[in-house]
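The values are calculated or read from the model by the stated rules, or taken from the named source; none is laboratory data. Since the structure is predicted, the reported quantities are computational estimates derived from the model, not experimental observations. All Cβ positions, glycine included, derive from the backbone under ideal geometry; neighbour counts span all protein chains shown.
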Amino acid sequence: MLAQLLVSGFAQGCLYALVALAMTVVYRATTVVNFGHGDLVMAGAFCVYVLVVLAGADFFLSAALAVVLLFALGWAIQAGLIRPILAGPHLSLAMMAIAVGYALRGGARVLWGREVLPFPKVFPQGIIKLGPVILSPSDLIVAGVVAATLAVLAFVFLATPVGKTAQAVFQSPRGAALVGIDVGAFHRTMWGIGAAMAALGGILIAPITLLYPDMAASTLIRGFAAMTLGGFGSLPGAVLGGLLLGVGELLVGAYVSTKLIDITAYLIIILVLLLRPSGLLGRPAVVRV
Amino acid sequence: MARFAIALAGAALAALAVAPAVAQDRTGVTDTTIKIGIPGPLTGPNASFGAAAYGIAAYYKWVNDQGGVHGRKIEAILADYACNEAKGVAVAKKLIHEDKVFLINGGICSGVALAMRPVIEESGVPWVVSTAVNQKITEPVAKNIFHGSQTSRDAGVNMGKFALSKPGARKIGLIGHTNEWAKGYLDPMRDQLKAAGVAPAIEVTMERGQTDATAQVLKLKEANLDFVGVALYEPELAIFLRDAHKYGLAAPKVGSMGADYVNTEKRLGAREPMEGFFQVFQYKDLTDGPGMKKARDMIVPNLPAGQQMTDFTFYGPGSAVAIVHVLNKIGRDLTREKFVAEMEKLKDFDTGIVAGKLSFSPEDHQGAHQLYVVGYDGGKLSVLEAWGKKAQ
Amino acid sequence: MTGTAGSGTDRASFAASGRVFWLLPLALLGLPLVIGSYVQYIVNLTLVYVLVGVGFNVVLGNLGQLAFANAAFFGIGAYATGTLMYHLKAPFPLALCAGALAGGLAGALVALPALRGIRAFYLAIMTLAFGELMRWIYINADAVTLGSMGMQVPRPTLFGYVLVTDVDKYYVFLAVVTLLVAATANLLRSRVGRAFTAIRDNELAAASIGIPTARYMVLAFAWSGVVVGTAGALYAALVRHVSPEAFNLLELILHFGIVMVGGLASLAGSILGAAVLTAAPEMFRDLPGYEELLIAILMVAVLLLMPKGLASLLARASPLFRQRYFRD
Amino acid sequence: MPDALLVVEKLEAGYPGQRILLGVDFVVRRGEAVVLLGANGSGKSTALNAISGFVRPTAGRILLDGRDIVGQPPHRAFAAGVVQVSQARDLFPDLSVEDNLRLGASRRPDADMPALLAGVYRDFPVLAGRRAQRVRTMSGGEQQMVAIARALMGEPKILLLDEPSGGLAPRFVREIAAIVARLKAAGTTMLIVEQNIKLALEIADRFLVLKSGLVAERGDVTRATSQEAIVRSIYL
C-alpha cells in the first residue's frame, strides 16, 4: 500500500504544485498574492466546457483557446481592476482579487449553477499497472504537464532576462520604470500568464473533480500550503511543497486517520511558519514585508 | 431605566403583532389567491439542490393552469438562503412577516431547516418540509410542521437493510462526510447493522471538496469488505467511485440520497465505475421511467427558463401534491388551523412521485417512510426493493 | 498630506463627532415602532455585523496587520456562548461575557505568531489556516459542539426576563453594540490608538521611540477578539443555531468585505459597511441566483471608485466624519 | 534656439485637487548643466517626473530633440533618452551592483554590454571592486554612485538628477560634485534639482528658480552670481 500511496500522492501533489506555481509566478512578478486564483482555475475549466460541449469544438483546440482566453482575462483583470488601486494598501489588492474570484464563481453559478456538467472525456480511460502500483493515464498526463510547465518556467526565469526583470519589478517598481522597463505591461503579462496557468490547472483538474462553480475552492489554501512549505516565492519550492503535501495527505489519511486529510494543509502552514518561515527552499530576503 | 421601559413596550407591541391570531387564521389567503413560500438554496455551493424549489414552483404553476384550488390561484414565492443559517432565519421571518404567506413548502439543507424550525414553530405558520432530510426537523412533533419526504433515518435504515439483504454480507464498511447530513444516513445504517449483529468493519471519512479518495479506497479495500455504505455528496461520490474502480474496490456499495445516480454516471463518463453501486431512491420510478411520466408532464414544461430537469427537480413536488390535495379537501373556507388538522388526517396518500404512501397523525408528522434502491441490475438501470429483487 | 497636524479644528471636530456618535443610538431607540418583525431581524443581524466589522478593522485598519482569523473569533465567541447556554443553562449575560473573553483569548493567541515576526502574507495565510482548523475542531469535538449539525441555543434570558422577540433582543444588542463601539472609539483615540497607528505606519520607528510594540500588538488583537467574540455571542442569541458552516471562508469574505467596503481604519465605515452588506442580500433576494454576483460587483465597484470606502462619502457629506485614513 | 535639446513649454501638472506647475517654460541646451532651484513644494521634482513620464501633465509640451514626448509613460521617455536618477534612488536592493548596472542597459543590445560596463567601472572604480555586493548593504553615498552609474548605462541624451547630494555626508557631497563635473566635461546634458545652493551653483552652467508654479528667475551662473540674491528670489 505504501508504494501506491506514494505514487498516487505524487500525482495528486502535481495538481497542487501547478496551482502553487501559478500563484508564485504572479507573486514574484507583481508582489500581489492572487487570493482569487482558485476561481480562475474554475473559469478555465468552464471555458473548455463551453467550447467543447456547447460550441462543439475539438478538445485540444478548445484547451489551447481556453488558455489564451484566460491569459486575456488575467491581463484584463490587472489592467482594469488591479492597476488602478495598485498604489493603495495591500489589503485592497487582496480584497479585489477575492471579489473578482467571487464574481467569477457567482457568474458561473448564474449560468450553470443548477446543472451538473460532465467534463469532456479526453484522457484515455483504463488503468496502468506497474507491479503492485496502479496508475491511471490522467496521473501521467498531469505529471507530464506539470513537469513541462516547470521546465518552461525554469528556462524563462533562469536563462532569459525575464528572471532579472521580475526581480527588479518586484524589488522596486519605480526603479524598474527608471531603467526603461514597461512595468505596467510586465504586470499585465504576468497576470495573464498566471491566469493561463490557472486554465491549464482547470483543464487537468476538471476531469477529476468534474465541473461545478466551487470545484477549486479548496485548491487555494492547498496552493498556499505548498508555497509555504516549499518557500514563498520559490518556483522549485512550489513544486516540492505541492508534491510533499500530496504525498503527506495520503500518508496521514491511510496511516493515521482519514479525518486528518483535510487539515494536513493547515497544519503544514502553521508548523512551517512557526518553525521555519522560509520554508524548505525559500530565501527569507526575497520576501518583502 | 427609560430605555428598558421602551424596550418592554416595544416588546409587548411586537408580541401582539407576532402572536398567532387566536381563532381562525386566514393570513395569506384572499378571494383569489393563496400565498405559499418556497425557501431553498438558489445560490451558493449547494445551489444544485435548489432544483427542488423550482420543481415545487413549477408544480404550483401547473395547478394554477388547471384552474387553481377552489377558484384560488397559488402565488408561489421563492426565497433564497444559500444554505446559510442566518439567512435561513431571515428568509423564514420574511415569508412569515413580510410576505405573510399562508404556508411554507420547502426547506432544503438540514442545518438551515433546523435553524428555521423554532422561528416557524413559534409563528404557527404551517410548514411542509419538502426536501431536508434530518428527522429532528419534525421530531419532537411541532404542531404546524410536517415532513413531506422520507427522512435520512428512513434512508439509513434502508441502506442497512439493503446491504444485509445480500446473502452472506457480514463485513460492511462505511464512508461519509463528517457533516451531520452524512451522519444522518450512516448512524441509522450502523444501528440497523448492529441490530442484525453486524458491526461496521471499518469507517472512513472524506471531506467536502477533496479531489482524491486514494487513502480511503485503499483502506476499505484492505478490509476485504462484502458491502460499503456511502454517504457523500455528488462531486465527492463521483471521485470516490472513480477511485474505487481504479484501485479495484469490488465490494458492492449502497449510497445515500443527495446525489443523482444518472448524473453521477454522466460525470464519470463511464458505466464501469457505476456497476455494483446502488443508491437509496425516494421516487416511485426512475425519473425518466413510465411511473414518473405524469409527474414529468406536470412539472418539466413549467420549469422557469434556464432550469434543467434533474433528479432533484422532483425532490419537493411530492409534498406539494399532498398540500394541494389537502387544500382541495378543505374547500373555500381555508384557515391554517384547518390545514394542520387535515394534514394530520391524511392517510395512505399517493403523491404519484414519492415512493410509498404518505400518512400523518397528531403524534407522527413524518409522512413518508418507504424507499427503494436504484442501480444496475443485470446491466439495466432498475429500481430495487432488496438485493436482486425489483420493486413493483 | 492631510491629518499630519493635530490641529485645533481636528480636535473640535473629533469632539463634535463624539456627540454625533451618541445621537445615533438615541435615534435608533424608536426604530422598532416603525419597522416590522422581518426588518427587525435584519436590523439585529446588522448590529451583529457592526461589531464584526469594527473589531476586524482594529487589526486590519488600525494596526495594519493582514490577519484573517476574524471568522474564527466570531465562531469562537458564538460557540463559547452557545456551549454555556446549551450545556450549562447559563444566563445570557454570563454567556455573553464568556463569548467576549473567549474571543479575546483567541485574539491574543493569534497575536503570538505576529510577535514572532510573521507578517504580511505569511500572517494572512497562517490566520486563514487557523480559521479553517477551528472549523475542523467544531466538527470533530462533537462531545461539546454537537458536531456539524450544530447546537440549538436556548432562548437568551436577561435577569430572569426571557428575550422572546427580536425587539427584545434589539434593545439588548443596541446597548451592547453602542458600548463596545464607544469603547473602541475611545481606545483608538487614546495613546493606545496612536501607538497602533505608529506600529502600522512604521514598526521599527515606533519601537525606536520606546513604544512597546509587542504589548500593543497583543492588546490590539485581543481587543479585536473581544469585540468580534461578542458579535459571535449576539449571533448565537439571535440565530439560536450555531454550526461550523456558519464560520467558513465565505463568511470571512463577508467580514473582509464589510471592512473594505466601509473603509479601512474608519469606525463609521465599518458601521456603514455592515449595514450595506447585511441589507444588500435581502434586497437582491428578488433576483434569485444573482446575489453572489451582485455583491461581488458591489465590492469591485467600491474598491475602484471609492478606494477609501463608503466612509469617504460620509467625509464628503460632513467634516464631522473626516478621519485619518489608512494611507494618506 | 538651434542647440536646444530639451524644450519645456507652458507645462502644467499636478495631482487631483492640487495644481503644482502652472505653465513652466525653459530650455536645456546640448551639453550644458541646468540646475532647478526652488522652495520645498515649488514643483521641482514634479517637473522632473513630468519629463520622465511619472506624472502626466495636464497641458504643455515637452520636446526632446524636437520630438514631443509629453504624456509618454516612463519606459517611453527612457527609450527617447530621458534617464532620471531619482531622489530615493530606487535601486534594486537585493540584486548585486552589476545586476543593477546590467538592468540599466536592458534596452541596449547585449553585445554592447561589456563595453558599457567597462566604461562605467572606469568612471567609478569603487564599484568595480564591489560588483558582486548586494546594493542593500552599501552606504548612502555608494548607493548614489550605483544609481548614477546605472543611469549612465542607459546612455541618456539627458540625465535628470533629483537631489544628488540629498542626505549624504560632506565627503560624498564633494564626490558627487566631482562626478557631475566629470560628466559635464564628457558632454553629458543634465537637468539637476539641488537644495544645496552652493553646490548647485558650483556644478551648473545656468539656473532656474521655480516659484508659485512658474519660472520666477533664470540666469547664467557666473562668478558674479550672488548666492544671496538667489536665495532671496527663492524664498521671498
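The single condition from (1) part of a helix (DSSP H, G or I); (2) at the interface with chain C (Cβ under 10 Å from one of its Cβ atoms); (3) of a type in the set (G, A, S) that B:A82 fails is (1). Of the numbered criteria (1) within 14 Å of another protein chain (Cβ to nearest Cβ); (2) surrounded by fewer than 24 Cβ atoms within 10 Å (Cβ to Cβ); (3) touching a residue at least 12 places away in the same chain (Cβ under 8 Å), the one B:V112 fails is (2). Of the helices (runs of 4 or more DSSP H) lying entirely inside the range D:26-114, the ones with 3 or more residues being out of contact with any Gly (no Cβ under 8 Å at 6 or more places or on another chain) and modelled with pLDDT of 90 or more are found at D:44-52, D:97-104.
Restricting A:A285, A:A238 to residues that are at pLDDT below 90, assigned to a helix (DSSP H, G or I) and more than 26 Å from B:R242 (Cβ to Cβ) narrows the list to A:A285.
Within 15 Å of the chain's Cα centre (by Cα) and crowded, with 17+ Cβ neighbours inside 10 Å: is that true of D:L159 in this structure? Taking the combined requirement at face value, the residue satisfies it. Taken as a whole, the condition of being touching a residue at least 60 places away in the same chain (Cβ under 8 Å) and touching a helix residue (DSSP H, G or I) at 6+ places or on another chain (Cβ under 6 Å) does not apply to D:P156.
Taken as a whole, the condition of being at pLDDT 85 or above, within 22 Å of D:G154 (Cβ to Cβ) and surrounded by 13 or more Cβ atoms within 10 Å (Cβ to Cβ) does not apply to D:L199. Comparison of A:G101, A:G80, A:G38, A:G88 shows that the only residue that is within 14 Å of another protein chain (Cβ to nearest Cβ), part of a helix (DSSP H, G or I) and over 26 Å from A:V146 (Cβ atoms) is A:G80. Considering A:V41, A:V48, the condition of being more than 19 Å from A:P236 (Cα to Cα), among the β-branched types (V, I, T) and within 16 Å of the chain's Cα centre (by Cα) is satisfied by A:V41 alone. Put simply, of A:L243, A:L274 the only residue that is assigned to a helix (DSSP H, G or I), facing another protein chain (nearest Cβ under 8 Å) and either farther than 15 Å from C:M126 by Cα or modelled with pLDDT under 90 (or both) is A:L274. You will find that of D:L210, D:L152, D:L127, the residue that is part of a strand (DSSP E or B) and modelled with pLDDT of 90 or more is D:L210 and no other. Scanning the range C:203-251 for residues that are over 19 Å from C:L105 (Cα atoms), within 14 Å of chain B (Cβ to nearest Cβ) and of a type in the set (A, V, I, L, M) yields C:A237, C:L238, C:V239, C:V242, C:A246, C:L249, C:L250. Selection of first residues in the range C:252-280 that are farther than 26 Å from C:A129 by Cβ and more than 14 Å from chain A (Cβ to nearest Cβ) and of second residues that are modelled with pLDDT under 90 and surrounded by 24 or more Cβ atoms within 10 Å (Cβ to Cβ), restricted to Cβ pairs under 6 Å at least 6 apart or on distinct chains, gives the following pairs, ordered by first then second residue: C:A268/C:A311. Kindly evaluate A:L54 against the criterion of being more than 19 Å from C:I253 (Cα to Cα), without any contact (Cβ under 8 Å) to a residue 60 or more places away in the chain and surrounded by fewer than 23 Cβ atoms within 10 Å (Cβ to Cβ). Yes; evaluated as a whole, the condition is true for this residue. When C:V192, C:V164, C:V218, C:V144 are checked against the criterion of being under 30 Å from B:A115 (Cα atoms) and either in contact with a Leu (Cβ under 9 Å, 6 or more places away or on another chain) or outside any helix (DSSP H, G or I) (or both), C:V164 stands alone in meeting it.
Of everything in the range C:79-111 that is assigned to a helix (DSSP H, G or I), more than 20 Å from the chain's Cα centre (by Cα) and free of Cβ contacts under 8 Å to residues at least 40 places away in the same chain, the residue that is surrounded by the fewest Cβ atoms within 10 Å (Cβ to Cβ) is C:L94. From the list C:L287, C:L303, C:L313, C:L277, the one residue that fits, being under 23 Å from the mean Cα position of the chain (by Cα) and modelled with pLDDT under 85, is C:L313.
Exactly one residue among C:R135, C:R200 is more than 14 Å from chain B (Cβ to nearest Cβ) and among the charged types (D, E, K, R), and that residue is C:R200. Check the range B:335-354 and report whether any residue there is in a helix (DSSP H, G or I), in contact (Cβ under 8 Å) with a residue 24 or more places away in the chain and in contact with a Gly (Cβ under 7 Å, 6 or more places away or on another chain). Scanning the range B:335-354 turns up at least one residue that is in a helix (DSSP H, G or I), in contact (Cβ under 8 Å) with a residue 24 or more places away in the chain and in contact with a Gly (Cβ under 7 Å, 6 or more places away or on another chain). Within the range B:249-278, the set of residues being in contact with a Phe, Trp or Tyr (Cβ under 6 Å, 6 or more places away or on another chain), assigned to a strand (DSSP E or B) and in contact (Cβ under 8 Å) with a residue 60 or more places away in the chain comprises B:V254 only.
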